Amino acid sequence: MKRKQDIDNAERVKNVFKSFRLAESEIKHIISVYKAEKLRKGEFYLKEGRVSNKIGILISGILFAYTINDSGEKNISRFFY
């Protein structure tokens with residue numbers, strides 16, 4: 001049995017994919033295989049040199065992409081919200 005939060009998130013995901021002009025059957029398929037994951041502060045979605053086999057949809061919060069230069073400084077290149 002799915003939790004209410006999972007159902008709410010699935011509805012949000014459905015609305016995101018509607019903006020891509022996908023057919024209703026395609027959206028239903030995506031929702032059927034959809035799995036919510038929660039990242040905590042300090043966790044990574046993807047690390048350098050790794051290849052992802054997932055599609056990420058940010059429901060709430062902020063993520064950022066960054067590199068670390070030779071001096072050890074973090075250089076933020078993108079924000080996702």
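The values are calculated or read from the model by the stated rules, or taken from the named source; none is laboratory data. Bear in mind that the values here come from a model prediction, so they are computed numbers and not experimental data. Because the Cβ atoms are built from the backbone with ideal geometry, glycine has one as well, and the counts that use them run over all protein chains shown. Areas reflect the complete protein model, heavy atoms only, side chains present, ligands, DNA and RNA absent. Shrake-Rupley method; radii C 1.70, N 1.55, O 1.52, S 1.80 Å.
How large, in percent, is the carbon and sulfur part of the accessible surface of the chain at a probe radius of 1.4 Å? Could you put the intermediate results ahead of the total?
Details: 3940 of 7600 Å².
Roughly 52 percent, rounded to a whole number.
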May I ask you to compute the full-extension gain from Arg40 to Ile62, defined as 0.36 nm times their residue separation minus their alpha-carbon distance, rounded to one decimal in nm? 6.8 nm
Report Phe20's accessible area, 1.4 Å probe, all protein chains in place, as a number in Å² to the nearest 10. 120 Å²
Which GluC sites (Glu not before Pro) in segment 17-81 sit in a loop by DSSP (not H, G, I, E or B) and have at most 16 other Cβ atoms within 10 Å of their own Cβ? Glu37, Glu43, Glu48, Glu73
How many Å² of accessible area per residue for the chain, probe 1.4 Å? 94 Å²
Crossing angle, helix 24-33 versus the chain [Cα axis fit, 0-90 degrees, rounded to tens]: 60 degrees
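Could you sort Ile30, Ile68 by their accessible area in this structure, using a 1.4 Å probe and putting the largest first? All intermediate terms of the calculation are to be shown ahead of the outcome.
On the way: Ile30 45, Ile68 105 Å².
Listed by decreasing accessible area, they come as Ile68, Ile30.
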Fully extended contour minus Cα-Cα distance, from Ser71 to Arg12, at 0.36 nm per residue: 17.2 nm
For Ser32, solvent-accessible area (1.4 Å; no DNA, RNA or ligand), Å²: 90 Å²
For segment 16-75, with the dipole built from +1 on Lys and Arg beta-carbon atoms and -1 on Asp and Glu ones, taken about the Cα centre, which of Asn53, Asn69, Phe17 lies farthest toward the positive end? Phe17
Apply the Karplus parameterisation 6.51 cos²θ - 1.76 cosθ + 1.60, with θ equal to phi minus 60°, to every residue of segment 57-69 and state each ³J(HN,Hα) to the nearest whole Hz, in sequence, with x for glycine and proline. 10, 7, 8, 8, x, 9, 10, 9, 9, 8, 10, 10, 7
